[in-house]
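One structure is given below, encoded as structure tokens.
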Ligand SMILES: [Zn+2]
């Protein structure tokens with residue numbers, strides 16, 4: 001019985017060995033294939049990681065460069081007055097904005113004379129004002145005057161109301177309700 005068992009064991013071992021010898025090349029081949037695939041995968045992963053790090057570094061460099069620039073040139077926001085002046089400086093004072101220009105230049109300016117004799121030319125787009133009073137004349141007054149001559153807008157003035165004039169002519173004494181202006 002014991003001898004029989006030993007014999008069986010021997011046969012079994014031999015069979016296992018034979019099978020192993022037969023299977024080994026296939027196993028080795030499979031292993032090498034798997035290793036190659038893993039290596040390929042690892043390589044791709046490494047490349048992706050490297051690319052990511054490279055981009056991160058570039059981003060850091062960009063941020064650092066921007067920070068340096070800001071340190072050198074601090075951003076100063078213009079005040080409301082400065083922005084208005086900038087807009088007025090950029091304004092063409094023409095009608096129609098950025099659309100196609102007409103052959104004759106039509107400036108969008110108003111020309112108004114007040115009762116005290118002072119005259120105001122004003123751009124109705126940007127709000128720039130040119131004044132001519134008894135004591136002051138805008139340095140660009142001539143330019144403004146030229147613009148009014150090339151505008152379809154009409155001149156206006158604050159006149160004494162016609163009714164008050166008639167009343168005066170008819171010799172009716174002006175009451176507080178009939179003040180000329
Ligand atoms: Zn303007």
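Bear in mind these aren't lab numbers, they're just calculated from the coordinates by the rules spelled out. In this text the structure is predicted, and so the values were computed from the model without any measurement. All Cβ positions, even for glycine, are placed from backbone atoms using ideal geometry, and neighbour counts span all protein chains on display.
Using the Kirkwood radius built from alpha carbon pairs, what does the Stokes-Einstein equation give as D for the range 1-76 at 10 °C and 1.306 mPa s, in µm² per second?
Working: Rh = 18.6 Å.
The Stokes-Einstein estimate is 86 µm²/s.
Modelled label positions at residue 129 and residue 6, each set 7 Å beyond Cα in the direction of Cβ, lie 12.6 nm from each other. Taking other C-beta atoms within 10 angstrom as a stand-in for reagent exposure, 3, 61 fall in the order 3, 61, fewest first.
Quick one: pull the percentage of alpha-carbon pairs in the range 18-138 with a separation above 25 Å.
On the way: 4904 of 7260 pairs.
Value for the range 18-138 (Cα pairs over 25 Å): 68 percent.
Counted by neighbouring Cβ atoms within 10 Å, the residues 17, 107 run from fewest to most as 17, 107. Quick check on the range 74-137: take the gyration tensor over C-alpha atoms, sort the square-rooted eigenvalues as a ≥ b ≥ c, and tell me if it's rounded (a/c under 1.5), prolate or oblate. Oblate.
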